[in-house]
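Here the structure comes first, spelled out in C-alpha cells, and everything after it is commentary.
The values are calculated or read from the model by the stated rules, or taken from the named source; none is laboratory data. As the structure is a computational prediction, the values presented were derived from the model and not from experiment. Cβ placement follows ideal geometry from the backbone for every residue including glycine, while neighbour counts extend to all protein chains displayed.
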Amino acid sequence: MPTTRNTKLLAIPKTYECLGFTIKVQYKEIDGLCGHFDPQEGVMTLNPASKEELLRQTFWHEAMHSFLITLGYEELNSNEQFVDQIGQCLYQLEKTRKG
C-alpha cells in the first residue's frame, strides 16, 4: 500500500463516511483501471500499481462518484469528464493547502 511522502498530503483513508454510509477503501490490481467505486458494496478500489500522485487523483475521482451516487445525482455521476474535473479540483485543494 502506498505511503504519504509529502507531509502536506492527507493519508488516503481506509474508510470514510458519506451521508451516513461507510465507504471502504481497498487496494487491488484492476486491469486497465486506476480505480473503481462499487455503490452496491460501498467499496472504492484503488490500483496499487499506480504511482502515488495518480493514486491520490484517483482517490478523489472515485470519492466524487461516491458523493454523487449518495446524493442521487446519477446523471452527473455518469459524466466522467465532470467527475474527473471536480476530483482534480479536490486533489489540487489537498495538494496546495496551507496551514
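Among the residues of the stretch 28-53, the one identified as crowded, with 17+ Cβ neighbours inside 10 Å, out of contact with any Asp or Glu (no Cβ under 8 Å at 6 or more places or on another chain) and either at pLDDT below 95 or of a type in the set (Ser, Thr, Tyr) (or both) is Ser50. Applying the set (1) touching a Gly at 6+ places or on another chain (Cβ under 8 Å); (2) at pLDDT below 95; (3) not basic (Lys, Arg) to Thr96 leaves exactly one unmet item: (1).
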